[in-house]
Amino acid sequence: MTKILVIGSLGQLGTELVMGLQEEYGRDNVIASDLKPSSEVDGDFIYEQLDVMDKERLISLVEKYRVNHIYHLAAILSAKGEKDPQWAWDLNMGSLFNVLDLAKNIDHVNRIYWPSSIAVFGPDTPKVNTPQLTVTNPTTVYGISKLAGEQWCQYYFEKYGVDVRSIRYPGLIGYKSLPGGGTTDYAVDIYYKALAEEKFECFLDKDSALPMMYMPDAVRATIELMKVEPSRVKVRSSYNLSAISFTPEKIFESIKKFKPDFEIEYKPDFRQEIAESWPDSIDDSCARNDWGWKPEYDLDGMTEDILKNLEILLD
Ligand code: NAD
Ligand code: AKB
């Protein structure tokens, strides 16, 4: 039986990943954790309050539940990180070391998942079909911390045999929870405005192409990567992963097919510069070849699914 701890479980990804893990491993084998006290958390899952910077508490929870797999999702994302770079660096790196060290020292912790991001890439990176191995040079503190984190994951795998696995997610788009301070957040917010029948003010320019992925694909990819035999995980820094690439104008056109009166206005802010430093599209052939990754959703398929489900949820 596999016991799982999810750290940072109340965020945009964690909310949906916990549900996916419960389906795969059973409700009682997934322990969700985040900063909020239990008294403020509602949901059909086992929950523990955990600040991942608190090493003692982390170890005590891992021992209490005899945890085998840890999904460490807590991080400060790109736009939020630029407001307080030192804090973002301390949290993103310190928390990863706490988790990697624990896996090194506690035998029953035998698999770690830690997400990286397309933010590891920068303006010198080839923009189209960005390869797995290429120039990176990120410009945000978030990207720098993810790139360093990838290297540390590989180091802990090679030096100490820690079975750590990682994906460089594109911008994730879901409707079950709100995003936590990223540059790709507009692509979630836009659906809420469309359903509220309000004009959408977009913080990126209409032509800013970015790699994106619908949350069900991201959750499935994560669980699939964590289930494959260790020998099939050939990239121990982090895997490129790709699904859909689009501009704000393209997602607007996709929504207009279902909401013809929807309106948009472009008002780029500081996040435009971050978006411009990231790739337009990603080559994920290593993930496809090594562990059989294949996305399911295209842009219109995602739009239709979100509008249908979000309408029910907001009703
Ligand atoms: P989010 O900001 O929505 O959620 C992060 C969660 O971590 C929050 O619930 C927050 O309360 C929690 N947290 C923060 N500090 C903590 C601490 N000290 N201890 C415990 N919990 C803490 O982020 P997300 O979008 O869910 O992202 C999850 C992971 O996936 C991150 O590592 C992020 O870098 C990565 N990622 C996300 C995206 C995306 O588009 N959402 C893309 C690429 C990578
Ligand atoms: C962000 O915009 O910071 C995240 C990411 C792509 O890592 N969504």
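The values are calculated or read from the model by the stated rules, or taken from the named source; none is laboratory data. If you're wondering where the values come from, they're calculated on a predicted model, not measured in any experiment. Cβ coordinates were reconstructed from backbone atoms using ideal geometry, including for glycine residues, and neighbour counts include every protein chain displayed. Just so you know, the surface numbers come from the protein's heavy atoms only, side chains and all, with ligands and any DNA or RNA stripped out. Shrake-Rupley method; radii C 1.70, N 1.55, O 1.52, S 1.80 Å.
Report the Stokes-Einstein translational diffusion coefficient (µm² s⁻¹, integer) for segment 38-129, Rh taken as the Kirkwood radius over Cα pairs, at 10 °C with viscosity 1.306 mPa s.
Translational D for this selection: 104 µm²/s.
If I ignore ligands, DNA and RNA and count only protein heavy atoms, how much of Lys64 is accessible to a 1.4 Å probe, in Å² to the nearest 10?
130 Å²
Which entries in the list Lys80/Lys234; Lys36/Lys259; Lys55/Lys104 go over 25 Å, if you measure between the two C-alpha atoms of each?
Lys80/Lys234; Lys36/Lys259
Treating the angle as unsigned and between 0 and 90°, give the value, to the nearest 10°, between the Cα long axis of helix 186-196 and the longest Cα principal axis of the chain.
So the helix axis and the longest Cα principal axis differ by about 60 degrees.
Considering all alpha-carbon pairs of segment 61-189, what whole percent are spaced by more than 19 angstrom?
Numbers: 4355 of 8256 pairs.
The calculated P(r) of segment 61-189 puts 53 percent of pairs beyond 19 Å.
What's the angle, to the nearest 10 degrees (0 to 90), between helix 12-25's Cα axis and the longest principal axis of the chain?
Once rounded, the angle reads 50 degrees.
Keeping all protein chains in place, calculate the accessible area per residue for segment 65-118 (probe 1.4 angstrom), answer in Å².
37 Å²
Under the rule a/c < 1.5 gives rounded, and otherwise a/b versus b/c splits prolate from oblate, where does segment 171-315 land using the Cα gyration tensor?
In terms of gyration-tensor shape, prolate.
Could you work out how far helix 215-227 tilts from the main Cα principal axis of the chain, as a 0 to 90 degree angle to the nearest 10?
Approximately 20 degrees, to the nearest ten.
Check the straight Cα-Cα distances from Lys256 and name the lysines below 18 Å, setting aside those fewer than 8 residues away within the same chain.
Lys193, Lys199, Lys206, Lys308
Sum -39500 (n - 2.57) across every DSSP H segment of at least 4 residues in the chain, then divide by the residue count to get the 222 nm mean residue ellipticity, nearest 500.
-13500 deg cm²/dmol
Compute the projected area of the convex hull of the Cα atoms of the chain, averaged over all viewing directions, and report it in nm² to one decimal place.
Average of the hull's projected areas for the chain equals 15.3 nm².
May I ask you to derive the FRET efficiency for Asp101 and Lys127 from their Cβ-Cβ distance with R0 = 22 Å, giving the value to the nearest 0.05?
Plugging the Cβ-Cβ distance into 1/(1 + (r/R0)^6) gives 0.05.
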